[in-house]
Amino acid sequence: MKSLLYRDRAGATDFMSRGPIVAFLLGLSLSTLVFSTLAWGQASSTINGSVTDPSGSSIPNAKITITEVETSLARTTVSNSDGLYVISSLRPTNYTLSVEAQGFRTFTQTGITLLANDFVTIDMKMALGGLWNCR
């Protein structure tokens, strides 16, 4: 079996002697690398922010739901102990964001449009509401 590399009398290796084969393999390798890099780096966006009460205090454990307008696909997360949230890996499209927390009215924001690789901050100040037990 002959090697793909050709050695001349001085022992030097010549890739060009197998030009068509080497060019094909090199092209195949480069195109595989380029297309796999493009596929890996699919554009996605992130929404983050804070959830606070009217005085500016954080609201932990608020339920945040982001919904794609076109597909009604919803994703939910919960704010952390500092009232902060992050929702990542969102595809570029239109969204509605809603937040629910006990003792507060539901907050809804429509018309959110994410483009490729957006990083959007939406801070939400919740209004008091819900059921109150007064005696």
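None of the figures in this text is laboratory data; all of them are computed from the coordinates on show. Keep in mind the model is a prediction, meaning the values are calculated, not measured. Because the Cβ atoms are built from the backbone with ideal geometry, glycine has one as well, and the counts that use them run over all protein chains shown.
Which residues does the label zone of Thr121 cover in the range 59-77, counting backbone N under 18 Å from a point 7 Å along Cα→Cβ? Within reach of a label on Thr121, which here means backbone N under 18 Å from a point 7 Å along Cα→Cβ, the range 59-77 contributes 59. The calculated P(r) of the range 45-125, using every Cα pair and 10 Å bins from 0, goes 19, 54, 24, 2 in percent.
The packing ranking, built from the mean of other Cβ atoms within 10 Å per residue, places the peptides 67-80, 90-103 in the order 90-103, 67-80, highest first. Modelled spin labels at Glu68 and Gln109, positioned 7 Å past Cα toward Cβ, are 2.1 nm from each other.
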